[in-house]
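Nothing in this text is a laboratory measurement; each read-out follows from the coordinates by a stated rule. Quick caveat, the model's predicted, so the values are computed rather than measured. A quick note on method: Cβ atoms are made from the backbone with ideal geometry, for glycine too, and the neighbour counts reach across all protein chains shown.
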């Protein structure tokens, strides 16, 4: 039977902060010491460069000490640690100035091992750097608030997304979920996730803005819920958006969460589209997060 890997964290705290779930005690990039590849991909760039630099210095210092174990093994060296260290740097980087060179079999074998190690190290570091640069990224922003307002006579949950790069995201697909706490018939607390049907789930050419809408009809888990009930619930709106970036031909994935305080009832999204007499249209991104109150009795 395979052995279950031991987790570095035995307990995770889930806090409700302004209607958003905050996880404390979960894994961060510094917790992946047992998974160095994942660590090197998730650590911030300053940390990545710092780790590479520290490893480089440590390896050269180690080989410098090994060269000094046999006095006189390096021709042209005064036997100091500094010269042995910089000879190691020249060997590891395949520079080879020639001012210092091995003159014993021991030093030659050590230099050969270091040269082989340098080939492997360069290949690994180059691959890691390329993998970090090649990771697909998306610049998708979501409106600050989601609103519940009538749309064609139907109460509708709405929020807005925008492509900040203003290129094309092909076959963009939005998925929206409701996550809330429930109690089963046996009295057991249970975190349940519901799929929220959308008026339009796929946008074939997502380039500017997109109003994502979920009609609150009889099939919706939000049906019959009031603003007061929503504010006292332990719920969240989870959003995932994916598509194909036309520029780099990579699949992109983004996510967003609307907490309790981020969903406004009896409000509508401000209109960001303006028309001119010539038929041109303008998008006012200054109003992207703006909302307007409405009369629920109107």
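Things worth noting here:
- C-alpha long axis of helix 45-68 to longest principal axis of the chain, angle in °: 10 degrees
- In the chain, helices alone account for a calculated mean residue ellipticity at 222 nm of -9000 deg cm²/dmol, with every DSSP H run of four or more residues adding -39,500 (n - 2.57).
- Share, in percent, of DSSP beta bridges within region 140-293 that are antiparallel, nearest 5: 95 percent
- Per residue, the average separation of C-alpha pairs within less than 8 Å and at least 6 apart gives the chain a relative contact order of 15 percent.
- Computed from Cα positions, the angle between helix 105-134 and the longest principal axis of the chain comes to roughly 10 degrees.
- GNM result for the chain, Cα springs below 10 Å: residue of 119, 264, 198 fluctuating most strongly: 119
- Rg over Rh for the chain works out to 1.19, using Cα positions for both radii and the Kirkwood form for Rh.
- For the chain, a Gaussian network of Cα nodes joined below 10 Å ranks 61, 227, 99 by mean-square fluctuation, and the top entry is 99.
- At an R0 of 45 angstrom, the distance between the Cβ atoms of residue 184 and residue 144 translates into a FRET efficiency of 0.85.
- The long axis of helix 81-92 is offset from the longest Cα principal axis of the chain by roughly 60 degrees.
- As a length-normalised measure over Cα pairs under 8 Å and 6 or more apart, the relative contact order of region 196-298 settles at 17 percent.
- FRET efficiency, residue 80 to residue 255 (Cβ-Cβ, R0 45 Å, nearest 0.05): 0.20
- Relative contact order (percent, whole number), region 32-134, Cα cutoff 8 Å, 6+ residue spacing: 25 percent
- Whole-Å distance, taken between Cα centres, linking region 73-90 and region 92-119: 11 Å
- In this structure, residue 198 and residue 248 have a Cβ-Cβ separation that, at R0 = 41 Å, corresponds to a calculated FRET efficiency of about 0.95.
- Just checking the listed ones, 186, 114, 201: in the Gaussian network model of the chain with Cα springs under 10 Å, the one fluctuating most is 186.
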